[in-house]
Every structure is written in C-alpha cells, then in structure tokens.
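Chemist: Structure below; questions to follow.
The values are calculated or read from the model by the stated rules, or taken from the named source; none is laboratory data. It should be emphasised that the depicted structure is a prediction, and the values quoted were computed from it without experimental measurement. Cβ sites come from the backbone with ideal geometry, for glycine too, and all protein chains shown count toward neighbours. Surface accessibility is based on the protein's heavy atoms, side chains included, excluding ligands, DNA and RNA. Shrake-Rupley method; radii C 1.70, N 1.55, O 1.52, S 1.80 Å.
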Amino acid sequence: MRLEEVSDLKPSPKQVVVRVKAAGVNPVDMYIRSGTYSRKPALPYTPGTDAAGVVESVGEGITHVAVGTRVYTSGTINGAYAEQALCEESQVHSLPRQISYSQGAAVNTPYAAAYRALYQRAHAVSGETVLVHGATGGVGIAAVQLARAAGMRVIGTGGSARGRDLASQQGAHHVLDHGTPDYLDQVLALTEGRGVDVILEMLANVNLGRDLRLLALGGRVVVIGSRGRVEIDPRDAMNRDAAILGMLLLNTPEREAASIHAALIAGLENGTLRPVVREEMPLADAARAHHAVMQPGAYGKIVLIP
Ligand SMILES: NC(=O)c1ccc[n+]([C@@H]2O[C@H](COP(=O)([O-])OP(=O)(O)OC[C@H]3O[C@@H](n4cnc5c(N)ncnc54)[C@H](OP(=O)(O)O)[C@@H]3O)[C@@H](O)[C@H]2O)c1
C-alpha cells in the first residue's frame, strides 16, 4: 500500500462525500488486501469501509445529513483509507457529539457484527449467558458492551492480561484466558455444568468443535470469525438441540442494517456503547496497521488518521 494524490471526489445524486478524520482497520481489510478473501477488488483500489468525519458535500436528494454533520460510515463506494470517502446515502450515519472521530471509525464493522450476531442471528435475550470467545478485539469489546447493557451474563476470553482487564472493565462478569488448557472447564464450572446459551465465536477454526460441548440445551453458536477448517462432532449439536449460525455482515439486508445502526446510535448516545481505540496511526502507516491487526494481544481498535 502507498499514498497517492487523487482528484477531489464529487457526489452524484443520492451520494455523500465525507471528509475523513479517522478510518478503522479491520482484519477483513487485511484479508482483501492480501488476496485471501473471496471478494477481490480490481487493482489499484483504496482499502477500508469504516470511517468517521464530517459531511463535505451532498448530492441531489440527500436529506438525512447536511454539510457539516458529524458522521460514521458503514461502507464506502471507493475506500475509507483516504482524506475523502464517497458514500451511498444508506452508508452514512450521524455520530453523536460525545463520540470522538477515532471512536466513530471503530463503530461500523465491529459493532454491527456484534449486534447482528447477538440479536439478528442468535436472538439472544436478557437473562441468557453469553460466551464472547475472543472478547478483547473490536468485535469482542462491542459484544461485551451490548450483552452487558441488555442484562445478559457475560463470560469473555482473552489471550493477554491487559486484554482480559479491558474486557472486564467493559462489562464482562468473568474473563478467562484462552491460552490456558483448562479454560473451557471453567466455562462449565461458571454455569454449574449447564453450559452457555449463546457463543459469539471469533476463531471458529480453533474452537467450534469444543464450543458445541459448552452449549446449554437450545444453545446457539454464531461463527463470526474463522481462519481455516475444523472438525466437529454433529452429535454434540444433536444432544443439545443446538444451532450453528454463520454470519457475514455483507449479507445483511438493508432494512436490518438500518435497524442495527438505529440501535447502535442509541447506544452511543446513552453511553452504553463506548468504542475503545488502542492506537491511532498516521494514514501513511496503513501497512504497519495491517501487520499489527493480525498480532495476538488485541486491545480494541487500530485507527488511521489522514
Ligand atoms: N462475519 C463478519 O461479518 C465479521 C465482521 C467483523 C469481524 N469478523 C471477523 O471476526 C474476527 C474478530 O474480529 P475483530 O475485529 O474483533 O478482530 P481483532 O480486533 O483482531 O480481535 C481478534 C480477537 O480474536 C481473539 N482470539 C485470538 N485467539 C483466540 C482463540 N484461540 N479463541 C478465541 N479468540 C481468540 C483475540 O484475542 P487475543 O488477541 O486477546 O488473544 C481477539 O479478541 C476476525 O476474524 C474478523 O475477520 C467477521
């Protein structure tokens, strides 16, 4: 990746140009850039979907935001790792005052994924026990905050002491070390052997087989992240009437996406959702950010500042 000067962007009807103040770095940006993802953009391209900034210009027919509105994006037409991002009408959402631009760049992919997994896929309800398997990164912290605010019992996992402390500060009732051999026994012990109702899984290729043995009767596991293949025993699902649910944010129908962003904005406004920014890097360091996002020891989000 390298920086290039390009012409200013101009919105067509129903489009918005955002002056980017911060862009979020997600693992999927790395998969796409390295060519390992199913979607391969035509080259050259500008990476990134998540930005926060100020509306700079609007095309004909845009009424829900005006020039000067603080916004975050849920996708762009031509990339978010830039000084300007061109967006469709539905990709621009107002950013509450108390949320910084760097935090705003940490909203879309992590929070929308966590929300969709928890509510639109697992249909989790207050009072249930949720295991956030990988609670220290962008999606995990979002899931912990969402589940805790809704009155669920939250068990998180993390690989570093610093990350586990963060998950605990963000609302997890218990945080376990997914680097220790017996931590899954502790999940069962914490639920008196009953198991958990919902698992939000960040690394299914490592954990899915064992996740099925942690579920309570009627339990659901949502596969959010996976980096390879895994063997499962289907009988573990049978015995529990359990469901394995896939989730890809890109598949979200427009109405459900609108519902997700309405809920996220409400949570940002009322203070239950507080994106955690681990590091701000200059836009010119995007390559370094792509290496950093794949390292263990997650601690919220990395954002790029143009
Ligand atoms: N399906 C979708 O639409 C969608 C949307 C967003 C993200 N994702 C995927 O979901 C995953 C998480 O995204 P993210 O943005 O949160 O990434 P991230 O910020 O890099 O965090 C990665 C998380 O995975 C955890 N992890 C590492 N080893 C683990 C293990 N053995 N068991 C459980 N968790 C483990 C990390 O914990 P430690 O670093 O503390 O060990 C960290 O909490 C990625 O694979 C991403 O591509 C998918």
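Chemist: Distance from a point 7 Å along Cα→Cβ of Ala149 to each backbone N in region 242-262: keep the residues under 19 Å and list them by number.
Modeler: Residues passing the 19 Å test: 256-262.
Chemist: Highest first, please rank the peptides 131-142, 78-89, 234-245 by the mean number of other Cβ atoms sitting within 10 Å of their residues. Working shown, then result.
Modeler: Values: 131-142: 30.8, 78-89: 22.2, 234-245: 14.8.
The packing order, highest mean first, is 131-142, 78-89, 234-245.
Chemist: Using R₀ = 22 Å, calculate the FRET efficiency as 1/(1 + (r/R₀)^6) where r is the Cβ-Cβ separation of Ile77 and Met281; round to 0.05. Don't skip to the end; give the middle numbers.
Modeler: Values: r = 24 Å, r/R0 = 1.09.
It comes out at approximately 0.35.
Chemist: I need the calculated FRET efficiency for the pair Tyr37 and Lys10, taking r as the beta carbon distance and R₀ as 35 Å, to the nearest 0.05. Working shown, then result.
Modeler: On the way: r = 29 Å, r/R0 = 0.84.
Efficiency, from the Cβ-Cβ distance: 0.75.
Chemist: Counting only C-alpha contacts under 8 Å and six or more residues apart, can you give the relative contact order of region 143-259 as a whole percent?
Modeler: 17 percent
Chemist: Between helix 138-149 and the chain, what is the angle of the helix's C-alpha long axis to the longest principal axis, kept within 0 to 90° and rounded to the nearest 10?
Modeler: Taking the Cα atoms of the chain, the angle to 138-149 is about 70 degrees.
Chemist: Residues of the chain: accessible area per residue at 1.4 Å, in Å²? Can you show the working numbers first?
Modeler: Values: 13900 Å² over 306 residues.
The answer is 45 Å² per residue.
Chemist: Let me ask something additional. Just in region 182-230: which trypsin sites (Lys or Arg not before Pro) are loop by DSSP and have at most 12 other Cβ atoms within 10 Å?
Modeler: Numbers: sites: Arg194, Arg210, Arg213, Arg220, Arg227, Arg229; in loops: Arg194, Arg227, Arg229.
The qualifying sites are Arg229.
Chemist: Rounded to the nearest 20 debye, what is the charge dipole size of the chain about its Cα centre when +1 sits on each Lys and Arg Cβ and -1 on each Asp and Glu Cβ?
Modeler: Working: 29 positive and 29 negative charges, 18 e Å.
That gives a dipole near 80 debye.
Chemist: I want the antiparallel fraction of DSSP beta bridges within the chain, as a percent rounded to 5.
Modeler: Within the chain, antiparallel bridges account for around 45 percent of the total.
Chemist: Relative contact order (percent) for region 40-173, with alpha-carbon contacts under 8 angstrom and 6 or more residues of separation? Working shown, then result.
Modeler: Values: 223 pairs, mean separation 23.5, N = 134.
It rounds to 18 percent for region 40-173.
Chemist: Based on the Cβ-Cβ distance from His64 to Ser160, what FRET efficiency comes out when R0 is 51 Å, to the nearest 0.05? If you can, show how the numbers build up before the last one.
Modeler: Values: r = 41 Å, r/R0 = 0.80.
For R0 = 51 Å, the calculated efficiency reads 0.80.
Chemist: Based on a Kirkwood Rh over C-alpha pairs, give the Stokes-Einstein translational diffusion coefficient of the chain at 20 °C and viscosity 1.002 mPa s in µm²/s. Could the numbers behind the result be given before it?
Modeler: Working: Rh = 19.7 Å.
Answer, rounded: 109 µm²/s.
Chemist: Just add up the charged neighbours of Val293: K/R +1, D/E -1, any other residue whose Cβ is under 15 Å from the Cβ of Val293. Present the calculation step by step, with values, prior to reporting the outcome.
Modeler: Working: positive: Arg33, Arg227, Arg278, Arg288, Lys301; negative: Asp29, Asp50, Glu279, Glu280, Asp285.
Summing Lys and Arg as +1 and Asp and Glu as -1 gives 0.
Chemist: When the chain is fully extended, how far beyond the present Cα-Cα distance does Leu245 get from Glu192, taking 0.36 nm per residue of separation? Intermediate values should be presented prior to the final figure.
Modeler: Values: separation 53, 0.36 × 53 = 19.08 nm, distance 2.51 nm.
So the extension gain works out to 16.6 nm.
Chemist: Determine the gain in length on full extension of the stretch Ala263-Asp185; use 0.36 nm per residue of separation and subtract their C-alpha separation, reporting nm with one decimal.
Modeler: Here the segment from Ala263 to Asp185 would lengthen by 24.6 nm.
Chemist: Okay, next question. How far, in nm, would the chain grow between Arg229 and Asn270 when pulled straight, counting 0.36 nm per residue and subtracting the alpha carbon separation?
Modeler: 10.8 nm
Chemist: Ignoring ligands, DNA and RNA, what percent of the accessible area of the chain is carbon or sulfur (1.4 Å)?
Modeler: On the way: 7060 of 13900 Å².
With neighbouring chains kept in place, the figure for the chain is 51 percent.
Chemist: Per DSSP H run of n ≥ 4, the term is -39500 (n - 2.57); total these for the chain, divide by its residue number, and report the mean residue ellipticity at 222 nm rounded to 500 deg cm²/dmol.
Modeler: Helix contribution divided over all residues of the chain: -8000 deg cm²/dmol.
Chemist: Can you tell me, using C-alpha contacts under 8 Å and at least 6 residues apart, the relative contact order of the chain as a whole percent? List each step's numbers first, then the result.
Modeler: On the way: 687 pairs, mean separation 57.3, N = 306.
Relative contact order comes out at 19 percent.
Chemist: Follow-up question, since we're still on this one. Within 13 Å, Cβ to Cβ, of Ser100, how many net charges do the neighbouring residues add up to if Lys/Arg are +1 and Asp/Glu are -1? Mind showing how you got there, number by number?
Modeler: Values: positive: Lys21, Arg70, Arg97, Arg274, Lys301; negative: Glu280.
Residues close to Ser100 contribute a combined charge of +4.
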